[in-house]
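Beneath this line is the structure, given in structure tokens, with notes to follow.
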Amino acid sequence: MSFLSRRRAAARHRKDTATSPPSSTPPPLPDIELSTDRPPLLTVSPAGPASRWAAGQRDALRAVVAEHGSVLVRGLGLRDATEVGAVFRELADTLMTEREAFAPRRTYADGVYSSTAWPSNQPMCMHHELSYTLEVPGLLLLACLEPAGRGGATGVADAEAVLAALPPELTERFERDGWLLTRSYNDEIGASVAEAFGTADRTVVEAYCRAHSIEFAWRPDGSLHTRQRRAAVLRHPVTGRRCWFNQIAFLNEWTMDPEVREYLVDMYGADGLPFNTRHGDGDPIGAEVVATLNEVYEAHTVREPWRSGDLLLVDNIRCAHSREPFEGPREVLVGLADPVRPPGHDKRHSPAQGSDKQDSDSKDEVSFT
């Protein structure tokens with residue numbers, strides 16, 4: 001069941017009275033400002049704590065996200081991680097513990113993280129958070145404590161519109177075969193094994209991989225190499241509409257800065273990149289495919305510069321998001337909320353691969369030769 005259709009009445013009764021919504025009916029939300037070049041904008045001026053306002057307006061805010069895919073709330077005046085965490089907990093059914101991160105994050109509290117550690121001079125191209133995991137966040141929560149001095153906006157793109165705009169000959173193959181993510185873990189680039197899986201214990205890591213349809217191999221130097229096949233197009237769990245849902249472009253080698261890619265290939269070899277994506281049948285993805293994906297994403301991107309205290313809610317299946325390069329300090333906190341396990345998202349055992357589940361389960365650890 002999607003985050004959009006859940007209710008948590010029982011959980012509300014367990015809330016501390018200091019943060020419980022008032023017994024009277026909360027006032028209606030102000031009008032949403034709609035624009036063709038930025039996310040829907042809601043400007044508010046709550047009289048009390050932001051968490052109390054969020055509790056009272058929870059259903060209304062989630063209805064806005066259901067209608068528009070995202071909403072930027074301005075005027076809450078969020079000041080620190082404690083306040084942000086309280087707001088996140090009011091708006092979410094469940095805050096997830098991140099697993100399989102592709103880059104490190106700082107943990108502020110349970111389910112409350114920093115933005116992904118990514119070079120500030122490099123963009124984070126459009127993607128759906130954790131789209132390569134079996135259980136994905138249905139709702140993404142972002143709160144700005146300190147905007148960058150220059151740049152750093154979070155862009156949003158409608159995944160249904162992106163799918164419709166992509167060339168059919170490109171999407172048909174991905175929809176049929178899915179996409180493949182390969183990862184090589186090391187302690188220098190990207191997330192380490194411990195950062196991605198919450199432990200460096202091989203037995204625990206292997207059990208996680210088997211339970212989440214991830215093939216794995218330990219190399220002679222002790223490093224871990226994995227691959228996992230996932231669906232590239234999903235039907236939204238509430239609307240049923242088809243969405244382009246993946247990280248094919250963002251985690252592909254051709255999206256990297258050319259100098260960074262050259263350095264990584266020299267250091268680790270073409271098959272040892274921290275992450276890369278392929279067609280679901282294992283064929284490489286050409287630079288022209290990645291360029292097309294990023295061009296279509298950009299054509300459908302809306303963005304608004306962050307201001308201190310802003311809150312952004314994003315339907316993680318309906319909308320992709322990105323981050324511009326930036327200068328100066330920037331602090332945006334993230335909540336991964338309301339997990340969804342999309343039907344058919346595990347493409348590892350698809351008929352196109354010529355294997356059944358029983359055979360594949362006995363081959364989790366492979367050589368990748």
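Under 8 Å between Cβ atoms, which residue pairs at least 6 apart in sequence (or on different chains) link something in the stretch 56-69 that is closer than 23 Å to ASP37 by Cβ and touching a residue at least 24 places away in the same chain (Cβ under 8 Å) with a partner that is assigned to a helix (DSSP H, G or I) and open to solvent by less than 50 Å² (accessible area, probe 1.4 Å)?
Partner pairs satisfying both residue conditions: LEU61/ALA54; LEU61/LEU91; VAL65/LEU4; ALA66/LEU4.
Give the residue that is nearest to THR116 (Cα to Cα), with candidates limited to residues of the stretch 66-101 that are among the hydroxyl-bearing types (Ser, Thr, Tyr) and within 17 Å of the chain's Cα centre (by Cα). Spell out the reasoning first.
So the first thing to find is which residues in the stretch 66-101 are among the hydroxyl-bearing types (Ser, Thr, Tyr), and the list is 70, 82, 94, 97.
From the residues that got through so far, the ones that are within 17 Å of the chain's Cα centre (by Cα) too are 70, 94, 97.
On the way: SER70: 20, THR94: 20, THR97: 14 Å.
Of everything passing the filter in the stretch 66-101, THR97 is nearest to THR116 (Cα to Cα).
Could you tell me how many of the residues in the stretch 275-305 are open to solvent by 20 Å² or more (accessible area, probe 1.4 Å) and polar (S, T, N, Q)?
Of the residues in that region, 3 qualify.
Of the conditions (1) of a type in the set (Gly, Ala, Ser); (2) in contact with a Ser or Thr (Cβ under 6 Å, 6 or more places away or on another chain); (3) at pLDDT 95 or above, GLY335 satisfies every one except a single condition; which number is it?
(2)
Is it true that some residue in the stretch 166-179 is farther than 21 Å from PHE275 by Cα, modelled with pLDDT of 95 or more and of a type in the set (A, V, I, L, M)?
Yes; the residues of the stretch 166-179 include at least one that is farther than 21 Å from PHE275 by Cα, modelled with pLDDT of 95 or more and of a type in the set (A, V, I, L, M).
Looking for whichever is buried (at least 17 other Cβ atoms within 10 Å of the Cβ), touching a residue at least 40 places away in the same chain (Cβ under 8 Å) and either touching a Ser or Thr at 6+ places or on another chain (Cβ under 9 Å) or under 22 Å from GLU304 (Cα atoms) (or both) here; the options are LEU130, LEU42, LEU95, LEU142. Which one fits?
Numbers: LEU130 fails: either touching a Ser or Thr at 6+ places or on another chain (Cβ under 9 Å) or under 22 Å from GLU304 (Cα atoms) (or both); LEU42 fails: touching a residue at least 40 places away in the same chain (Cβ under 8 Å); LEU95 fails: either touching a Ser or Thr at 6+ places or on another chain (Cβ under 9 Å) or under 22 Å from GLU304 (Cα atoms) (or both).
Only one candidate qualifies: LEU142.
Please work out if LEU76 is in a strand (DSSP E or B) and either modelled with pLDDT of 95 or more or open to solvent by less than 10 Å² (accessible area, probe 1.4 Å) (or both). Even if it seems obvious, please write down each step before you answer.
Numbers: in a strand (DSSP E or B): no; either modelled with pLDDT of 95 or more or open to solvent by less than 10 Å² (accessible area, probe 1.4 Å) (or both): yes.
Here the answer is no, as LEU76 does not meet what is asked.
Closer than 22 Å to ALA109 by Cβ and among the hydroxyl-bearing types (Ser, Thr, Tyr) - does that describe any residue in the stretch 65-84?
Yes, the conditions are met somewhere in the stretch 65-84.
Residue check, SER45 against (1) at pLDDT 90 or above; (2) assigned to a helix (DSSP H, G or I); (3) not charged (D, E, K, R), all met but one. Which one?
Against the list (1) at pLDDT 90 or above; (2) assigned to a helix (DSSP H, G or I); (3) not charged (D, E, K, R), SER45 comes up short only on (2).
With the checklist (1) at pLDDT 95 or above; (2) buried (at least 18 other Cβ atoms within 10 Å of the Cβ); (3) touching a Pro at 6+ places or on another chain (Cβ under 8 Å); (4) of a type outside the set (S, T, N, Q) in hand, flag the one item PRO123 doesn't pass.
(1)
Please go through the stretch 257-274 and give me each residue that is surrounded by 12 or more Cβ atoms within 10 Å (Cβ to Cβ) and farther than 22 Å from ALA217 by Cβ, ordered by number.
Matches in the stretch 257-274: ASP257, VAL260, ARG261, TYR263.
For the stretch 193-206, which positions are of a type in the set (Ser, Thr, Tyr) and assigned to a helix (DSSP H, G or I)?
The first filter runs over the stretch 193-206 and keeps only residues of a type in the set (Ser, Thr, Tyr), leaving 199, 203.
The answer is THR203, and nothing else.
If you go through the stretch 49-73, how many residues are part of a loop (DSSP other than H, G, I, E, B), open to solvent by less than 40 Å² (accessible area, probe 1.4 Å) and more than 26 Å from THR239 (Cβ to Cβ)? Explain how you work it out, then say what you get.
Narrowing the stretch 49-73 to residues part of a loop (DSSP other than H, G, I, E, B): 49, 69.
After this cut, where a residue has to be open to solvent by less than 40 Å² (accessible area, probe 1.4 Å) as well, the list is 69.
After this cut, where a residue has to be more than 26 Å from THR239 (Cβ to Cβ) as well, the list is none.
Of the residues in the stretch 49-73, 0 are part of a loop (DSSP other than H, G, I, E, B), open to solvent by less than 40 Å² (accessible area, probe 1.4 Å) and more than 26 Å from THR239 (Cβ to Cβ).
What is the number of the single condition among (1) more than 15 Å from TRP244 (Cβ to Cβ); (2) in contact with a Phe, Trp or Tyr (Cβ under 9 Å, 6 or more places away or on another chain); (3) buried (at least 20 other Cβ atoms within 10 Å of the Cβ) that ILE189 does not meet?
Status for ILE189: all satisfied but (3).
Mind listing just one residue for me: the one in the stretch 306-333 that is in contact with a His (Cβ under 7 Å, 6 or more places away or on another chain), open to solvent by less than 10 Å² (accessible area, probe 1.4 Å) and assigned to a loop (DSSP other than H, G, I, E, B) and, of those, farthest from LEU76 (Cα to Cα)?
Checked the stretch 306-333; the qualifying residue farthest from LEU76 (Cα to Cα) is ILE317.
In the stretch 279-297, is there at least one residue being touching a strand residue (DSSP E or B) at 6+ places or on another chain (Cβ under 8 Å) and farther than 30 Å from PRO237 by Cα?
yes
The values are calculated or read from the model by the stated rules, or taken from the named source; none is laboratory data. Just so it is clear, the model here is predicted, and its values are computed rather than measured. Glycine also receives a Cβ, built like all others from the backbone with ideal geometry; neighbour counts cover every protein chain displayed. Areas reflect the complete protein model, heavy atoms only, side chains present, ligands, DNA and RNA absent. Shrake-Rupley method; radii C 1.70, N 1.55, O 1.52, S 1.80 Å.
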